[in-house]
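Shown next, in structure tokens, is the structure this report addresses.
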Amino acid sequence: MNKIAHISDLHFGRVDPDLADALIKDLEELAPVLVIISGDITQRARARQFAAARDFLDRIPFPKLIVPGNHDIPLYNLGRRFLSPLGRYKRYISQELNPSFINNELAVFGINTARPFTWINGRISDSQIEQVCAKAGKLSPALFKIAVTHHPFIPPPRGAPLSVVGRARKSLTALESCGFELVLSGHFHMAYSGDVTVEAVDRRILVVHASTVSTRRRGEPNAYNIIEINPPRLSVISRVWDGSRFYSAMQSNFIMKGRLWEKR
Ligand SMILES: [Fe+2]
Ligand SMILES: [Fe+2]
């Protein structure tokens, strides 16, 4: 069984230090094989915000896979936004914008959807999908394959309609056809865990969204997900911050039968 942590939307510059400390303590106790952070590492892509994020990341004693979000590209500094959109991200977080993590059972691929022109909604390109499918295609079909993006492929099941990433449907279909079983995203600051959204195509891909661990909340508590992967079974556990500690608020269990995910 592989246990991974899925955190999103830290928004350094808008982070409660007590919450950040508690998050690291919680991760240390749960000991995931991988900590995934699906973008919006900072609030305004400022150097001091990236430096604070770097200090926080260095305190997490587990492998990490991180992708940028729209807030990691400057919004108001137009020169930097268009000439070096992810320059600071590369300097402080990682040179690799499409990172991967592979062990004996998992293959996880990050896909950068942050763009200076389509700043809010992001975009995914045909070449990115071709490249990730080519890499996944060289691996054993037995590996459980996960894609990570900041921008979501499907809208939230509740509330006002929100836009998904450019080329979402096409990309989700392509990822499904090249063997991906799970997609993890953030951006909306809404967890669809609890009512995790099962979506798409022939329902082979399970789509899970993490909430935020920042003060930019959208009517939901701060939370992140622990995902336990034991094919054909998968569980999503929502770890919610109650003001003093994280606790398991809800668990959603799935089993893949044939080519379909069934919620148990
Ligand atoms: Fe965000
Ligand atoms: Fe975002």
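The values are calculated or read from the model by the stated rules, or taken from the named source; none is laboratory data. Remember, predicted model here, so these are calculated numbers, not experimental data. As a convention, Cβ positions derive from the backbone with ideal geometry for all residues, glycine included, and neighbour counts pool all protein chains shown. Heads up: the accessible areas ignore ligands, DNA and RNA and are worked out on the full protein's heavy atoms, side chains in. Shrake-Rupley method; radii C 1.70, N 1.55, O 1.52, S 1.80 Å.
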Tally the residues that are open to solvent by 10 Å² or more (accessible area, probe 1.4 Å), closer than 19 Å to Ala223 by Cβ and within 16 Å of ligand 2 (Cβ to nearest atom), restricting the search to the range 1-21.
3
Residue check, His187 against (1) under 21 Å from Leu30 (Cα atoms); (2) modelled with pLDDT of 90 or more; (3) assigned to a loop (DSSP other than H, G, I, E, B); (4) within 14 Å of ligand 1 (Cβ to nearest atom), all met but one. Which one?
(1)
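Residues checked against (1) open to solvent by 70 Å² or more (accessible area, probe 1.4 Å); (2) within 22 Å of Leu172 (Cβ to Cβ); (3) in contact with a Ser or Thr (Cβ under 9 Å, 6 or more places away or on another chain):
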position	(1), (2), (3)
Leu23	no, no, no
Glu29	yes, no, no
Thr42	no, no, no
Arg54	no, no, no
Pro63	no, no, no
Asn103	no, no, no
Gly110	no, yes, yes
Mind checking which helices (runs of 4 or more DSSP H) fall wholly inside the range 27-128 and carry at least 1 residues that are modelled with pLDDT of 95 or more and of a type in the set (Lys, Arg)?
47-58, 87-92
Could you please give the count of residues in the range 223-264 that are within 30 Å of Ala22 (Cβ to Cβ), part of a loop (DSSP other than H, G, I, E, B) and in contact (Cβ under 8 Å) with a residue 40 or more places away in the chain?
2
Residue check for Arg158: more than 16 Å from ligand 2 (Cβ to nearest atom) and closer than 17 Å to Asn98 by Cβ:
no
